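Notes follow the structure.
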Amino acid sequence: MKTPELHHLFIKQKQNITTDTRKIKPGAIYFALKGDHFNGNTFAKLALDKGASYAIIDEKEHHIDKRTLLVSNVLESLQQLAYFHREYLEIPIIALTGSNGKTTTKELLREILATQFKVNATFGNLNNHIGVPLTLLEMTSDTEIGIVEMGANHLKEIQHLCFIAAPNFAYITNFGKAHIEGFGSEEGIIQGKSEMYDYIANSEGITFVNKEEKRMVRQAELCECIFIEPQKTPLLDLTPYVQIAYNGITIQSNLIGKYNYNNLIAAIKIGSYFNISHENTKRAIENYTPQNNRSQIIEKNNTRIILDAYNANPSSMIAALDNLNSLNDNNKVVILGDMFELGKTSKKEHKTIVNKVLSYDYNTAIFVGKNFYKEKTKEAKFFASFEDLKNNFNFDLPLNNTTILIKGSRGMALERCLDLL
């Protein structure tokens, strides 16, 4: 089936699609995707039995009747449909990527733009070769602006996602040490993220660039740039929430850490380009509270917990530690979990973090995971796994008036520590 025909069915079925038979809604179009450990083709009959109107398959032996539509590659069909739909809507698309902060920036930008526009944005962090198409296919004729977050762990991935989403505007948060295993080196990370700049330059789009980040300015030199100038939006306070001054207005956010300052001013600048009023910008930011284990502040038994357990890499880990160190709290505890996808640099980066923690005067430092455990010293507590921590450490600490930072890669699931405190 050709893409225009598939798009006609997609619109006819009220944009009701799914890739998961557990989430079938009546009339849905089921895309039988494949993975390393599953083959969606084998669930085509189940999808139809559960009420799907069509099943898109790429293996002939799973053909059932006229409701099974055979294509050469289901994933490519999904991506081509998303691109066709994006062109069909003819709306501005803003693309975001970066090593750290892209999801927070996306959430902030969505809240700001939504004060004056009908906005569709990436849900959570569905930002890969499947998530990006699904994000685009959620957009409707009512959508006025789309925001697409793009993640990557190897070269050419951002380029591919840009070809699918065809963004008119772009913003890269930073070049940090995330997914270095896939990119091969820090230079590979810069090259991979800068594929977004390359796309924007070739498509005559616009990119937003922090003028103080000279490396990013150089990478974007072929683009039409709108510069973010931090001195025009001064940082007023960080104890513990970020407070800024914007056009004579004080904005008190619910975000912690200086690293979120750049996320704030980027969202504000992009919103300003789309003529969002100062009042609406202030209201949107002050009403936004981070969720999903991203720099959440939790008060528990006279203890302040900074829960940042959604993800971690060397850059974001150091930023979080520096932020904790800047706070005036007398009692500080850190619980840090392993950082993943660091490849050959893993040992060096974990050792660097251990040394960084030991250079600060924290009351207690706890490291969890096999990579941190390899750097074990007498000056801190080390546990090979969360189960090891749970079974062998007494959390009966003097936690009154204490600030605790919990941070680690998603696979460590360190939010489980909340049950131990």
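The values are calculated or read from the model by the stated rules, or taken from the named source; none is laboratory data. Keep in mind that what you see is a predicted model, and the values were worked out from it rather than measured. Heads up, the Cβs are rebuilt from the backbone with ideal geometry, glycines too, and the neighbour counts pull from every protein chain shown. Heavy atoms of the whole protein, side chains included, go into the accessibility calculation; ligands, DNA and RNA do not. Shrake-Rupley method; radii C 1.70, N 1.55, O 1.52, S 1.80 Å.
A few notes on this one:
- When residues of region 65-80 are limited to those that are open to solvent by less than 20 Å² (accessible area, probe 1.4 Å) and out of contact with any Pro (no Cβ under 7 Å at 6 or more places or on another chain), the one nearest to Lys45 (Cα to Cα): Thr68
- Listed by first and then second residue, the pairs with beta-carbon distance under 9 Å, at least 6 apart or on different chains, first residue in region 221-249 and in contact (Cβ under 8 Å) with a residue 40 or more places away in the chain and more than 30 Å from Asp198 (Cβ to Cβ), second open to solvent by 60 Å² or more (accessible area, probe 1.4 Å) and in a loop (DSSP other than H, G, I, E, B), are Leu238/Lys258; Thr239/Asn328.
- Single residue of region 276-288 satisfying the filter (of a type in the set (D, E, K, R) and surrounded by fewer than 16 Cβ atoms within 10 Å (Cβ to Cβ)) that is nearest to Leu235 (Cα to Cα): Glu286
- The number of residues in region 180-219 being among the small types (Gly, Ala, Ser) and more than 14 Å from Gly98 (Cα to Cα) comes to 6.
- Residue match in region 298-311 (condition: out of contact with any Ser or Thr (no Cβ under 8 Å at 6 or more places or on another chain), touching a residue at least 12 places away in the same chain (Cβ under 8 Å), open to solvent by 10 Å² or more (accessible area, probe 1.4 Å) and in a strand (DSSP E or B)): yes
- Filtered by the rule that a residue be in a helix (DSSP H, G or I), open to solvent by 40 Å² or more (accessible area, probe 1.4 Å) and either under 23 Å from Tyr273 (Cβ atoms) or among the acidic types (Asp, Glu) (or both), region 111-146 gives a lone residue, Glu111.
- The set of residues from region 153-175 being closer than 20 Å to Glu107 by Cβ and either open to solvent by 10 Å² or more (accessible area, probe 1.4 Å) or of a type in the set (Asp, Glu) (or both) comprises Phe169, Thr173, Asn174.
- Any hit, region 42-49, residues being of a type in the set (Phe, Trp, Tyr), modelled with pLDDT of 95 or more and under 31 Å from the mean Cα position of the chain (by Cα): yes
- Residue that is most open to solvent (accessible area, probe 1.4 Å) [pool: residues in region 10-27 that are in contact (Cβ under 8 Å) with a residue 60 or more places away in the chain and among the hydrophobic types (A, V, I, L, M, F, W, C)]: Ile17
- Filter result for the condition that a residue is at pLDDT below 95 and in contact with a Pro (Cβ under 9 Å, 6 or more places away or on another chain), over Gly176, Gly124, Gly182: Gly176
- Flag for Val148 being aliphatic (A, V, I, L, M) and free of Cβ contacts under 8 Å to residues at least 12 places away in the same chain: no
- Residue identified as in contact with a strand residue (DSSP E or B) (Cβ under 7 Å, 6 or more places away or on another chain) and closer than 18 Å to Leu113 by Cα among Ile276, Ile256, Ile268: Ile268
- Tabulated pairs, region 28-48, first touching a residue at least 24 places away in the same chain (Cβ under 8 Å), second part of a helix (DSSP H, G or I) and of a type in the set (Phe, Trp, Tyr), C-beta under 9 angstrom, 6+ apart or interchain: Ile29/Phe10; Tyr30/Phe43; Ala32/Phe43
- Test result for Tyr171, assigned to a helix (DSSP H, G or I) and of a type in the set (Ser, Thr, Tyr): no
- Ser99 being hydroxyl-bearing (Ser, Thr, Tyr) and surrounded by fewer than 22 Cβ atoms within 10 Å (Cβ to Cβ): no
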